[in-house]
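Below is one structure, written out as structure tokens; comments come after it.
No value in this document is a laboratory result; all are computed from the given coordinates. It should be emphasised that the depicted structure is a prediction, and the values quoted were computed from it without experimental measurement. Here the Cβ is made from the backbone with ideal geometry for all residues, glycine too, and neighbour counts use every protein chain on show.
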Amino acid sequence: MKLHPLTAAHWPAVKAIYEQGIATGNATFQTDAPTWGEWDRGHLAHSRLVAVDAGYGNNGQVLGWAALSPVSGRCVYGGVAEVSVYVAGDARGRGVGRQLLAAIVAESEANGLWTLQASIFPENTTSISIHAGAGFQTVGRRERIGQLHGVWRSTVLLERRSAMVGVEASPVPDAPSYLLSSPVHATA
């Protein structure tokens, strides 16, 4: 297996894998795959990868993909992105998701991102496990955050803070003076 930058040429295979994820009912709130243009506009221009089977006779079959989406348009969150990792049904259990996630983490750091987030259905225990193995920590559970096919669904929010990007010392804001004054001691 080799990893390559995801391009428009990969879109038919990427879309098919995305549609497999949609069909599981436990990968995304999306109910239809977007067009290439919609997908392209919704993801960061960097940190887009495909895993390709380089084995003999496989003609470079796309096994999975990973990409990042911005979490906010506010500049303060410019170094934070949401990660998406999808693996073809017939490629699951072969380490494709782990390799894609490890590579997308490295790509994100090379592009100056300091935090990656993932919002995963709690039923998708394989994805939660893969993210935990890549250093993601559960930071919360969003109860009944959205509906999928008329059913309210919850998600687990995971986050990975880079140990390399955005680690420079920051000054601590000055504490209010009332917190700095000596405590008053009562005397008997």
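Do any trypsin sites (Lys or Arg not before Pro) in region 89-157 lie in a DSSP loop with no more than 16 other beta carbon atoms within 10 Å, and if so, which?
Of the trypsin sites (Lys or Arg not before Pro), the ones in loops of region 89-157 whose Cβ has at most 16 other Cβ atoms within 10 Å are R92, R94.
Subtracting the Cα-Cα distance from 0.36 nm times the residue separation, let me have the gained length for T125 to L148 in nm, one decimal.
Gain on stretching T125 to L148: 6.4 nm.
Label points 7 Å out from Cα along the Cβ direction at L44 and V165: separation in nm?
Going from the L44 label point to the V165 one covers 0.4 nm.
For S154, what residues show an amide H to amide H distance below 5 Å, using hydrogens built from the backbone and excluding near sequence neighbours?
Result for S154 returns R144, I145.
Can you give the longest run of the chain that contains no GluC sites (Glu not before Pro) sitting in a DSSP loop with at most 15 other Cβ atoms inside 10 Å?
1-122
Excluding I22 itself, what net charge comes from residues whose Cβ is under 13 Å from its Cβ, given Lys and Arg +1 and Asp and Glu -1?
In short, -1.
Put +1 on the Cβ of every Lys and Arg and -1 on every Asp and Glu Cβ in region 20-84; which of L63, L44, Y77 then has its Cα farthest towards the positive end of the dipole?
Ranked along the dipole, the leading option is Y77.
For region 24-110, run through the chymotrypsin sites (Phe, Trp or Tyr not before Pro) and keep only the ones in DSSP coil with at most 11 other Cβ atoms within 10 Å of their Cβ.
Y56
Filter the DSSP H helices in the chain by two things, a Kyte-Doolittle mean of at least -0.5 and an axial alpha-carbon span of 15 angstrom or more, and list the hits by number.
TM-like helix candidates: 11-24, 96-110.
Net charge around L158, counting only other residues with Cβ within less than 14 Å of its Cβ (Lys, Arg = +1; Asp, Glu = -1)?
+2
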